[in-house]
1. Taking square-rooted eigenvalues a ≥ b ≥ c of the alpha carbon gyration tensor, is the stretch 206-276 rounded, prolate or oblate, where a/c under 1.5 means rounded and, failing that, a/b exceeding b/c means prolate?
2. What ranking, highest mean first, results for peptides 240-251, 311-322 when packing means the other Cβ atoms within 10 Å averaged over each residue?
3. Can you list the chymotrypsin sites (Phe, Trp or Tyr not before Pro) in the stretch 270-318 that are in a DSSP coil and have 13 or fewer other beta carbons within 10 angstrom?
4. Pairs Lys97/Lys231; Lys199/Lys296; Lys69/Lys195; Lys178/Lys231; Lys265/Lys291: which are spaced more than 28 Å apart, C-alpha to C-alpha?
5. Given that compact globular proteins tend to follow 2.2 N^0.38 Å, what is the ratio of the alpha-carbon Rg of the stretch 133-270 to that value?
6. Report the percentage of all Cα-Cα pairs in the stretch 211-326 whose separation exceeds 19 Å, rounded to a whole percent.
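Throughout, read-outs are computed from the coordinates displayed, never taken from laboratory work. Since the model is a prediction, treat every value here as computed from it, not as a measurement. Cβ coordinates were reconstructed from backbone atoms using ideal geometry, including for glycine residues, and neighbour counts include every protein chain displayed.
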Amino acid sequence: MATFYNPTQWHYQEVTLAVGTVTAALLFLLYKVYVTVSTNGKEKKFTKKSLPKSSMSILETIQMMAGRKVPIQLFDMAKDLGSWNFELNLPVPGHPKVVVVAEAEDARSIFRDSLTEKPKSIYGQLMEMSPTKSPSMFAMQTGAEWHRRRKGTAPAFSQTHIRRMNQVAVKHTEKWLKEILTPMVQNNESFDVVKELLKVVLRAFSETALQYDISDEEIYMFITEWDLIAKEYVLKSAANPFRKYLTAILPERRRAVQACDSVYKLFHRIINNYRNLDSPMEGTVIDLIMKNPTFKNDENIIASELFLYMVAGHDTTAISVSWILMELEKNPQ
């Protein structure tokens, strides 16, 4: 049988991508010590909830976050502490503490709490990636503008469209099994499962959400350039916001800016492709965004929104499935 690439042995680029995803999407959920809400005209005060704290030092925590086994180490840490929610010894400018929230009900409560805000140290960097330096729905704080954008695209995730997405995903997966995996098995070849699944996910997303037939060259460009963007904006600039003022003397920062330009050219092609369609499908992500007056038909703002939709959905899915495959391979029973 073919051997797939063990996700615990990713080279640095995949590691950075995974760490960026984990850091931006999971870890930086700020736990509110005291929350005051209005209930029937009365103020209700929730008492402080004590959380176990990791015994790792600051240096050890930073090394872990830059390492290759972040998800497994966090899982083991939760088991050792006896809690799915725990505090990390990780300093983040502007935030009193960094908490891992893996308890489903607690995470749901945080997301539903109207007082919850997105950490500017992380999400503010998403604005820097945009040519307009304006916030997308993913970067802006909750409010009227955020609600208009969110409600405007919500129909794209109705049962009908989710069913269509699943069908397209199955189609691309079966094609990959037949054209890529089967020959590898026959030739007893190994492969990088993360990279292969990224390609499958990007093809399915592009077809269903963007009504675009993305090429192999465009997929390679997006994966490569997003890796550079994630390193600079999600990790380095989030930790040191002064980097944006030093672009002229930082080669890595300049290269990340070039990567943003390349990626945005792709999304401008996607926008032009949609406009040239004879009968675009109604209710897809791109259809709803293009018709939403909130975006004022501004191509740069629309491209920023589409870019972050693709970012939000491709690596999380591919990496999660990769870990599942690894566990299934280790535990075939």
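1. The shape class here is prolate.
2. On the way: 240-251: 11.9, 311-322: 19.7.
Per-residue Cβ counts within 10 Å, averaged per peptide and sorted highest first, yield 311-322, 240-251.
3. Numbers: sites: Tyr274, Phe295, Phe307, Tyr309; in loops: none.
Counting only loop positions with at most 13 other Cβ atoms within 10 Å, none of the chymotrypsin sites (Phe, Trp or Tyr not before Pro) in the stretch 270-318 qualifies.
4. Lys199/Lys296; Lys178/Lys231
5. Working: Rg = 18.6 Å, N = 138, 2.2 N^0.38 = 14.3 Å.
In units of the 2.2 N^0.38 Å rule of thumb, it is 1.30.
6. Details: 3689 of 6670 pairs.
Result for the distance tail: 55 percent.
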